[in-house]
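The structure appears below as structure tokens.
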Amino acid sequence: MRRNKNKLYILILMLLSWVFLFLAGKESIKKYLPASIFMSILVYCENVIAEKKKWWMITTKLVPKANGILPFVIGVFLSGSVWILKLTYSNFYLYVVVNLLVDAFFTYPFYSIFKKMGVWRMVRMKQYQLSMLFFIKSILMYAFQKYISDRFFSISLSNTGSESLDRNQ
């Protein structure tokens with residue numbers, strides 16, 4: 001019974017994350033989703049390694065044969081990444097501070113709740129190590145977003161600007 005209740009909580013968390021993702025707006029999703037997907041894939045791969053090395057263990061799974069991290073990766077992590085980028089991308093220092101706060105929340109209170117529920121637990125990794133891992137991933141996501149923005153969004157902005165100039169002439 002407890003496991004089914006945990007599955008329901010995870011499912012609700014995932015679905016609410018999708019609702020909040022769409023509230024970010026079409027332009028923000030278009031701009032920040034690629035970096036968020038990149039990081040989601042990285043987090044998924046990291047989890048495969050982490051479970052093999054017993055850094056942590058996710059015991060509650062929505063689908064028995066699926067990786068337990070999947071609902072978190074396609075839910076909270078994906079949506080949260082879009083929102084963090086949307087709200088902070090223009091200011092690197094704000095981005096770092098917000099990520100440190102969100103990571104600390106996830107690593108300490110959120111982890112404690114999920115551990116008590118029996119959803120997941122740390123095995124060979126300490127919480128402070130998990131925090132450092134989150135921080136490294138947040139810097140990677142920022143760098144990836146910067147790369148994408150410099151390559152694709154600056155081109156589309158310059159094209160849009162030149163088109164509007166052509167129309168005015």
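Is it the case, given these coordinates, that Lys137 is of a type in the set (D, E, K, R) and under 22 Å from Lys54 (Cβ atoms)?
Numbers: of a type in the set (D, E, K, R): yes; under 22 Å from Lys54 (Cβ atoms): yes.
When the stated conditions are applied, Lys137 passes them.
If you scan the range 136-149, which residues turn out to be closer than 17 Å to Val43 by Cβ and surrounded by 16 or more Cβ atoms within 10 Å (Cβ to Cβ)? Let's see the steps before the verdict.
Just the residues of the range 136-149 that are closer than 17 Å to Val43 by Cβ, to begin with: 136-145.
Hits for the range 136-149 are Lys137, Ser138, Met141, Tyr142, Phe144, Gln145.
Give the number of residues within the range 85-128 that are exposed (fewer than 14 other Cβ atoms within 10 Å of the Cβ), farther than 27 Å from Lys30 by Cβ and touching a residue at least 24 places away in the same chain (Cβ under 8 Å).
Selection size over the range 85-128: 4.
Given the conditions (1) part of a helix (DSSP H, G or I); (2) without any contact (Cβ under 8 Å) to a residue 40 or more places away in the chain; (3) surrounded by fewer than 13 Cβ atoms within 10 Å (Cβ to Cβ); (4) hydrophobic (A, V, I, L, M, F, W, C), report the number of the one that Leu15 does not fulfil.
In the conditions (1) part of a helix (DSSP H, G or I); (2) without any contact (Cβ under 8 Å) to a residue 40 or more places away in the chain; (3) surrounded by fewer than 13 Cβ atoms within 10 Å (Cβ to Cβ); (4) hydrophobic (A, V, I, L, M, F, W, C), Leu15 misses (2) alone.
Do the conditions hold for Ser28, that is, is it at negative phi, free of Cβ contacts under 8 Å to residues at least 60 places away in the same chain, touching a helix residue (DSSP H, G or I) at 6+ places or on another chain (Cβ under 9 Å) and assigned to a helix (DSSP H, G or I)?
Spelling it out, Ser28 is indeed at negative phi, free of Cβ contacts under 8 Å to residues at least 60 places away in the same chain, touching a helix residue (DSSP H, G or I) at 6+ places or on another chain (Cβ under 9 Å) and assigned to a helix (DSSP H, G or I).
Each value in this text was obtained by applying a stated rule to the coordinates, not by laboratory testing. Treat the numbers as computed from the prediction; the structure is a model and nothing was measured. Here the Cβ is made from the backbone with ideal geometry for all residues, glycine too, and neighbour counts use every protein chain on show.
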